[in-house]
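> Once you've had a glance at the structure underneath, I'll fire off some questions.
The values are calculated or read from the model by the stated rules, or taken from the named source; none is laboratory data. Given the structure is predicted, the values throughout are model-derived calculations rather than measurements. Counting neighbours? That spans all protein chains shown, and the Cβs are built from the backbone with ideal geometry, glycine included.
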Amino acid sequence: MSPTDRIAVPPPGPRSGTLLTARGIQKSFGANHVLRGVDLEVRRGEVVALIGPSGSGKTTVLRSLNGLETPDAGLLDLDGGPVVDFGAQAAAVGTRSWAGRRAGARLAKLNRAALRDRSAMVFQHHNLFPHRTVLENVIEGPTQVQQIPRETAIGEAEGLLARVGLADKRDAYPHELSGGQQQRVGIVRALALQPDLLLFDEPTSALDPELVGEVLTVMKELADEGWTMVVVTHELQFARQVATEVLFLDGGVVVERGAPAQIFSNPAEERTRRFLDRILHPLD
Amino acid sequence: MDWQLIADSFWPLLRGGLTGTIPLALASFAIGLVLALLIALLRLSPNRVLSWVGRAYVSLIRGTPLLVQLFVIFYGMPSIGIRLDPWPGAIIVFSMNVGGYAAEIVRAAILSVPKGQWEAGWTVGMSPARSLRRIILPQAARVSVPPLSNTFISLVKDTSLASLVLVTEMFRKAEEIATFSSEFMTIYMEAALIYWMFCTVLSAGQDALEKRLDRYVAH
């Protein structure tokens, strides 16, 4: 593939090695213990797919990777950044002294921002800014946060929109687009941030079936171009074809992990087998 | 009916409206909105003390008559050594009053913006303050235009109370002319008509503003 065929080049830096390691991630919402110690390793240029029944905790894992959720315990090491110790952080926030709590809150804030600034997320319901045009949605982060000059950001945004076939929609408002187009803008908005890590939270679950393909196609191209991605998905076909590793979660733990060929053709765990059966043969 | 009196009094009354009623309402509303945003943010704060302060303010403003608030400031405060001129005093009272009422509107409007918008702001790198300013408030503004217009129109009429603390706005003018001419019915009806005119124009403005803010919403 020649460089001009690319949607977007991943940001410069090493092309291999481990980008992200998560160890023993735990999270409760009230009495609901959603994550019971999840380990995760993402190597550069790889696509990790998180599958599992609803309520299995897969979305919470994803949201913990960019600070949208704060785990109660566990370690998160994003290569080149600080190792975030959520247990220590929770202990600091929970200290009795006022100064201690403030220090804890400051640490938590720093940790969240450190995680967030390396990644970008594509949401299930796209979460585009409805009061801004497609172009304004895409350049919001680069111009407002990353201090990239407006002209530069616009040029890059136009290039990205053209690559996903939306050049002519640059001045449209999100509500004027189809669901698939909205989601492609969501992907472009994420790419424009030049993140090390792309996070996808069920990006096709809210789409009409005939619109799923156009979004998955873009995601597959990004995977081929070497972007590092973590994808929560119900599209098993996509996970099978595109993912380098598949994690099956249930009840807040990783039940099984492995190469897609192994997970889908020959799952080791009974729970995995039953889940796959239910999805692949819903009428049986 | 004394047509000559109506003709003669129309311009003084209208001038009272244009130089008294409208500026008083505009200044109070502008300041009141800033106050409302601050109080709404206090109420939305996770800090319990701040949230309580916001709640107490709203309760106090909504739980006491505007006329009593005006009298406390003008006739009560001098006894503890604080004396305010009619205009600044009236603006303070009216903006504090608007602040209390509009705070609830602004709070509800902020809460009406889906949580995913905050999250999207976060993931593109924004601080909560920047998300609020660039993402949340513009969307909240659209929702709050109809109820805030209501507040503004009420305020325009409520400024007539300022006549009781010697602000020379339209109704004070009307009282002077009515007393002088003894044509109470004629003059007060005329004043009512001009208030009505003002409010009709404001309603039209509200419609235009709503249309403008609706351009990015699916119909």
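> Only one of (1) closer than 25 Å to B:Leu213 by Cα; (2) out of contact with any Phe, Trp or Tyr (no Cβ under 8 Å at 6 or more places or on another chain) is not met by B:Ala90, so which one is it?
Among (1) closer than 25 Å to B:Leu213 by Cα; (2) out of contact with any Phe, Trp or Tyr (no Cβ under 8 Å at 6 or more places or on another chain), B:Ala90 violates only (1).
> In the range A:62-75, is there at least one residue being more than 18 Å from the chain's Cα centre (by Cα), modelled with pLDDT of 90 or more and in a loop (DSSP other than H, G, I, E, B)?
yes
> Follow-up question, since we're still on this one. Among the listed residues B:Leu137, B:Leu166, B:Leu155, which satisfies the condition of being buried (at least 21 other Cβ atoms within 10 Å of the Cβ) and in contact with a helix residue (DSSP H, G or I) (Cβ under 8 Å, 6 or more places away or on another chain)? Write out each step before concluding.
Details: B:Leu137 fails: buried (at least 21 other Cβ atoms within 10 Å of the Cβ); B:Leu166 fails: buried (at least 21 other Cβ atoms within 10 Å of the Cβ).
Exactly one residue qualifies, and that residue is B:Leu155.
> Sort through B:Pro88, B:Pro46, B:Pro78 and tell me the only one that's outside any helix (DSSP H, G or I), out of contact with any His (no Cβ under 7 Å at 6 or more places or on another chain) and either at pLDDT below 95 or not small (Gly, Ala, Ser) (or both).
Exactly one residue qualifies, and that residue is B:Pro46.
> For residues that are surrounded by 19 or more Cβ atoms within 10 Å (Cβ to Cβ) and more than 22 Å from A:Gln26 (Cβ to Cβ), scanning just the range A:224-235, find the one that is modelled with the lowest pLDDT. Can you show your working first?
Residues of the range A:224-235 that are surrounded by 19 or more Cβ atoms within 10 Å (Cβ to Cβ), as a first pass: A:227-233, A:235.
Restricting the remaining residues to those that are more than 22 Å from A:Gln26 (Cβ to Cβ) gives A:227-229, A:231, A:233, A:235.
Working: A:Trp227: 94, A:Thr228: 95, A:Met229: 96, A:Val231: 97, A:Thr233: 94, A:Glu235: 91.
So, considering only residues that are surrounded by 19 or more Cβ atoms within 10 Å (Cβ to Cβ) and more than 22 Å from A:Gln26 (Cβ to Cβ), the one modelled with the lowest pLDDT is A:Glu235.
> Ok, one more. State all residues of the range A:164-181 that are of a type in the set (D, E, K, R) and assigned to a helix (DSSP H, G or I); if no residue qualifies, say none.
Listed by number, the residues that qualify are A:Asp168, A:Lys169, A:Glu176.
> If you check A:Glu270, A:Glu256, A:Glu214, A:Glu221, which single one turns out to be surrounded by 15 or more Cβ atoms within 10 Å (Cβ to Cβ), among the acidic types (Asp, Glu) and closer than 26 Å to A:Lys27 by Cα? Give the derivation first.
On the way: A:Glu270 fails: surrounded by 15 or more Cβ atoms within 10 Å (Cβ to Cβ); A:Glu214 fails: closer than 26 Å to A:Lys27 by Cα; A:Glu221 fails: closer than 26 Å to A:Lys27 by Cα.
From the options A:Glu270, A:Glu256, A:Glu214, A:Glu221, the qualifying one is A:Glu256.
> Given (1) part of a helix (DSSP H, G or I); (2) closer than 28 Å to A:Arg43 by Cβ; (3) touching a residue at least 24 places away in the same chain (Cβ under 8 Å), identify the lone condition not met by A:Lys220.
With respect to (1) part of a helix (DSSP H, G or I); (2) closer than 28 Å to A:Arg43 by Cβ; (3) touching a residue at least 24 places away in the same chain (Cβ under 8 Å), A:Lys220 is out only on (3).
> For the range B:119-129, give me each residue that is in a helix (DSSP H, G or I) and within 7 Å of chain A (Cβ to nearest Cβ).
B:Glu119, B:Ala120, B:Trp122, B:Thr123
> Do we have any residue at all in the range A:62-69 that's under 29 Å from A:Arg273 (Cα atoms), among the hydroxyl-bearing types (Ser, Thr, Tyr) and more than 14 Å from every other protein chain (Cβ to nearest Cβ)?
Residues of the range A:62-69 that are under 29 Å from A:Arg273 (Cα atoms), as a first pass: A:62-65.
Next cut, among the hydroxyl-bearing types (Ser, Thr, Tyr) only: A:64.
If we keep only those that are more than 14 Å from every other protein chain (Cβ to nearest Cβ) too, we end up with none.
Within the range A:62-69 (the criterion being under 29 Å from A:Arg273 (Cα atoms), among the hydroxyl-bearing types (Ser, Thr, Tyr) and more than 14 Å from every other protein chain (Cβ to nearest Cβ)), the answer is no, since none of the residues qualifies.
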